[in-house]
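Note sheet for the following structure.
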Amino acid sequence: MKFSKTIITIFLLAISTISCSSDDGKDGVDGVDGAPGATGTANVIYSAWINAPAGTPETIDGTSGLSTSFAVPQLTADIMSKGTVLVYMSFGSGTNVFALPYTSTAGGAVNTITAISNLNSIKIFRFKHANDGTTVALPASLNYRYILIPGGVQATTSKTTKVDYAKMSYEEVCGHFNIQP
């Protein structure tokens, strides 16, 4: 009996040594690549460059200015409370892009163009810092683009750093989310 167990063990070792070689797998044919996946933007929502109507007079929180707005159906209460809303402005054709709020000297006065997020819409508001009752135009020729970043799972470790997209340039945000500028 001991002799037959030894023969069987030797036989099994010989078969496994013969059947496994270092060349296995080298002569196979590569499979066909799968279809490309979706753009790597996860759940990020972004618009094309859009125009809004010219601004009309409005007073917000005691500050006179001009405002306009445009519909953003994807701007939900959840995104407003847990996510990030980024709005950019361009003076035309998506070049010279500025993150809102944008402060400049136009019309001979320091003024700011800012974005105010509302459920299903974004309001654009331009006001002069002097708040002297006069306004600087908010023309329909300005272009806007929004990027909505839904909130994710809250970080649980101190080693995880939250990305501050508002401090990134427009080009960096587009690159980070693989968005065509």
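The values are calculated or read from the model by the stated rules, or taken from the named source; none is laboratory data. In this text, all values refer to a predicted model and were calculated from it rather than measured experimentally. Because the Cβ atoms are built from the backbone with ideal geometry, glycine has one as well, and the counts that use them run over all protein chains shown.
Observations, loosely collected:
- Checked against the criteria, S81 counts as assigned to a helix (DSSP H, G or I), farther than 19 Å from P57 by Cβ and among the hydroxyl-bearing types (S, T, Y).
- Total residues in segment 60-82, condition surrounded by fewer than 13 Cβ atoms within 10 Å (Cβ to Cβ) and over 27 Å from Y165 (Cα atoms): 1
- Failed item in (1) among the β-branched types (V, I, T); (2) crowded, with 16+ Cβ neighbours inside 10 Å; (3) under 22 Å from the mean Cα position of the chain (by Cα), with T135 passing the rest: (3)
- Yes/no for A38 being within 18 Å of Y144 (Cβ to Cβ) and either part of a loop (DSSP other than H, G, I, E, B) or modelled with pLDDT under 95 (or both): no
- Identity of the residue in segment 93-114, of a type in the set (S, T, N, Q) and modelled with pLDDT of 90 or more, that ends up surrounded by the most Cβ atoms within 10 Å (Cβ to Cβ): N111
- Given (1) over 19 Å from I45 (Cα atoms); (2) not in a loop (DSSP other than H, G, I, E, B), index of the condition Y146 fails: (1)
- Just one of the listed residues (S69, S117) is closer than 15 Å to Y46 by Cα, at pLDDT 95 or above and under 22 Å from the mean Cα position of the chain (by Cα), namely S117.
Residues checked against (1) in a strand (DSSP E or B); (2) not hydroxyl-bearing (S, T, Y):
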residue	(1), (2)
S64	yes, no
Q74	no, yes
V85	yes, yes
G92	no, yes
T103	yes, no
V110	yes, yes
I113	yes, yes
K123	yes, yes
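- Restricting segment 72-92 to residues that are out of contact with any Ser or Thr (no Cβ under 7 Å at 6 or more places or on another chain) and among the hydrophobic types (A, V, I, L, M, F, W, C), the residue that is modelled with the lowest pLDDT: F91
- Where V85 falls short, out of the listed (1) farther than 20 Å from F127 by Cα; (2) surrounded by fewer than 14 Cβ atoms within 10 Å (Cβ to Cβ): (2)
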